[in-house]
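The block underneath contains the structure these notes are about, expressed in structure tokens.
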Amino acid sequence: MTSTTALMRLEGARKSFGGTPVLRDISLQVSKGEVVAIIGPSGGGKSTLLRCCALLETLDAGTLAFGDLVVARNDAAGRAAYQGRETLAQARQRFGLVFQGFNLFPHYTVMRNVTDAPLAVQRRDRDEVFAHARELLAKMGLEGREDAVPSELSGGQQQRVAIARALALRPDVLFFDEPTSALDPELTQGVLKVIRGLADERMTMVIVTHEMSFARDVADRVVFMDGGLIVEEGPAAEVIDRPREQRTRDFLRGIG
Ligand code: ADP
Ligand code: MG
């Protein structure tokens, strides 16, 4: 895998909050069609890593690129220097983000939640955007719910709307931060099923998750993070069934 084929490339990423390092020299490349699961104990820096990739936080140091679009790279002082607004706006078109909470607009219908950004931000053709949204909602098992508002839906349905909304922008890569951790077990399964479906279609995804059997089945690669470091990474079955590092073993046994 060369850096030119990576849809997303992070190198030497560092981030501190108030002098406390949260990311310490993290490098992560994601190739087209690859599904990467990020696992690890709470407080290990997983959300911060995704938030930096999704331009919701800035790196202190490191390189961040989406394909050939370099968003940040170190200056002579070794500090991450970000490109201007236009480059950042371009980069934001290349990824979608799904959080733990569904973050839908509560007063918008399902349809408007999904079509708003493609129309307002991407200024795409209205008929094409609506047809695409209907197709995505059907794929999410939400046919017939286009006119509902979020409060009329279950948490699982709301999360599937959030996934449709992220996909509506036709991103290169989708980031998920614990997409099922706010859901009851029976609603979790419906959301995992649609993510599995996307993996089968070779959607490129980076998924922070506590669902180990899901990570093992769906991810190509598993990254174990602890203390702001990637402790271990490799093929999903290897890392989860035969972890090399003691810290990974402790975590998977439920001690970490
Ligand atoms: P994880 O998602 O693996 O649980 P996080 O990235 O949320 O880990 O958090 C890693 C560490 O960074 C934690 O100690 C957390 O308290 C701290 N942290 C995260 N975001 C902030 C912030 N905005 N300000 C200060 N500290 C933060
Ligand atoms: Mg988190």
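Of all residue pairs spaced 6 or more apart or on separate chains, those with beta-carbon atoms under 6 Å, a first member in region 72-91 that is on the phi < 0 side of the Ramachandran plot and a second member that is of a type in the set (Ser, Thr, Tyr) and outside any loop (DSSP other than H, G, I, E, B) are ALA72/TYR82; ARG73/THR63.
Residues to consider are LEU64, LEU23; find the one that is buried (at least 22 other Cβ atoms within 10 Å of the Cβ) and within 16 Å of ligand 2 (Cβ to nearest atom).
LEU23
What's the total number of residues in region 236-256 that are loosely packed, with under 14 Cβ neighbours inside 10 Å and without any contact (Cβ under 8 Å) to a residue 24 or more places away in the chain? Break it down stepwise before answering.
The first filter runs over region 236-256 and keeps only residues loosely packed, with under 14 Cβ neighbours inside 10 Å, leaving 237, 241-242, 244-246, 253-255.
Adding the requirement that they be without any contact (Cβ under 8 Å) to a residue 24 or more places away in the chain leaves 237, 242, 244-246, 253-255.
Number of matching residues: 8.
Here ARG51 clears all of (1) of a type in the set (Lys, Arg); (2) in a strand (DSSP E or B); (3) surrounded by fewer than 21 Cβ atoms within 10 Å (Cβ to Cβ) except the condition numbered (2). Within region 40-58, the only residue that satisfies the criterion of being closer than 24 Å to VAL239 by Cα and more than 11 Å from ligand 2 (Cβ to nearest atom) is CYS53.
Is region 57-75 home to any residue that is part of a loop (DSSP other than H, G, I, E, B), in contact with a strand residue (DSSP E or B) (Cβ under 7 Å, 6 or more places away or on another chain) and aliphatic (A, V, I, L, M)? If you could, list the steps in order and put the result at the bottom.
Quick first cut of region 57-75, residues part of a loop (DSSP other than H, G, I, E, B) only: 57-60, 67-68, 75.
Next cut, in contact with a strand residue (DSSP E or B) (Cβ under 7 Å, 6 or more places away or on another chain) only: 57-60, 67, 75.
Then keep just the ones that are aliphatic (A, V, I, L, M); that gives 59.
Yes, there is a match, as at least one residue in region 57-75 is part of a loop (DSSP other than H, G, I, E, B), in contact with a strand residue (DSSP E or B) (Cβ under 7 Å, 6 or more places away or on another chain) and aliphatic (A, V, I, L, M).
Residues in region 70-125 that are surrounded by 14 or more Cβ atoms within 10 Å (Cβ to Cβ) and of a type in the set (Asp, Glu): 1 in all. Is it the case, given these coordinates, that LEU10 is crowded, with 17+ Cβ neighbours inside 10 Å, more than 9 Å from ligand 1 (Cβ to nearest atom) and modelled with pLDDT of 95 or more? Here the answer is yes, as LEU10 does meet what is asked.
Note on region 150-189: residues that are part of a strand (DSSP E or B) and touching an Asp or Glu at 6+ places or on another chain (Cβ under 8 Å) total 0. Scanning region 26-43 for residues that are surrounded by fewer than 22 Cβ atoms within 10 Å (Cβ to Cβ) and assigned to a loop (DSSP other than H, G, I, E, B) gives LYS32, GLY33, GLU34, PRO41, SER42, GLY43.
Listed here are the residues, each with its yes/no results for (1) within 21 Å of PRO171 (Cα to Cα); (2) of a type in the set (A, V, I, L, M, F, W, C).
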position	(1), (2)
GLY18	no, no
VAL30	yes, yes
SER47	yes, no
THR63	yes, no
PHE66	yes, yes
ARG79	no, no
PHE102	yes, yes
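For region 42-53, does any single residue satisfy the condition of being within 30 Å of ASP200 (Cα to Cα), without any contact (Cβ under 8 Å) to a residue 40 or more places away in the chain, hydrophobic (A, V, I, L, M, F, W, C) and out of contact with any Lys or Arg (no Cβ under 6 Å at 6 or more places or on another chain)? There is no residue in region 42-53 that is within 30 Å of ASP200 (Cα to Cα), without any contact (Cβ under 8 Å) to a residue 40 or more places away in the chain, hydrophobic (A, V, I, L, M, F, W, C) and out of contact with any Lys or Arg (no Cβ under 6 Å at 6 or more places or on another chain). For ARG196, the stated conditions hold: it is on the phi < 0 side of the Ramachandran plot and more than 16 Å from ligand 1 (Cβ to nearest atom).
Restricting GLU178, GLU128 to residues that are exposed (fewer than 13 other Cβ atoms within 10 Å of the Cβ) and modelled with pLDDT of 95 or more narrows the list to GLU128. Of the set (1) over 17 Å from the mean Cα position of the chain (by Cα); (2) more than 16 Å from ligand 2 (Cβ to nearest atom); (3) part of a helix (DSSP H, G or I), all apply to LEU192 but (1). Being surrounded by fewer than 20 Cβ atoms within 10 Å (Cβ to Cβ), closer than 24 Å to LEU137 by Cα and under 14 Å from the mean Cα position of the chain (by Cα), is that true of even one residue in region 203-225? Checked against the condition, which is being surrounded by fewer than 20 Cβ atoms within 10 Å (Cβ to Cβ), closer than 24 Å to LEU137 by Cα and under 14 Å from the mean Cα position of the chain (by Cα), region 203-225 yields at least one hit. For region 204-251, the set of residues classified as closer than 18 Å to SER42 by Cα and in a helix (DSSP H, G or I) consists of MET212, ALA215, ILE240, GLN246, ARG247, THR248, ARG249, ASP250, PHE251, listed by residue number.
The values are calculated or read from the model by the stated rules, or taken from the named source; none is laboratory data. Values in this document were obtained by computation on a predicted structure and should not be read as measured data. So basically every Cβ, Gly included, is an ideal-geometry build from the backbone, and we count neighbours across all protein chains shown.
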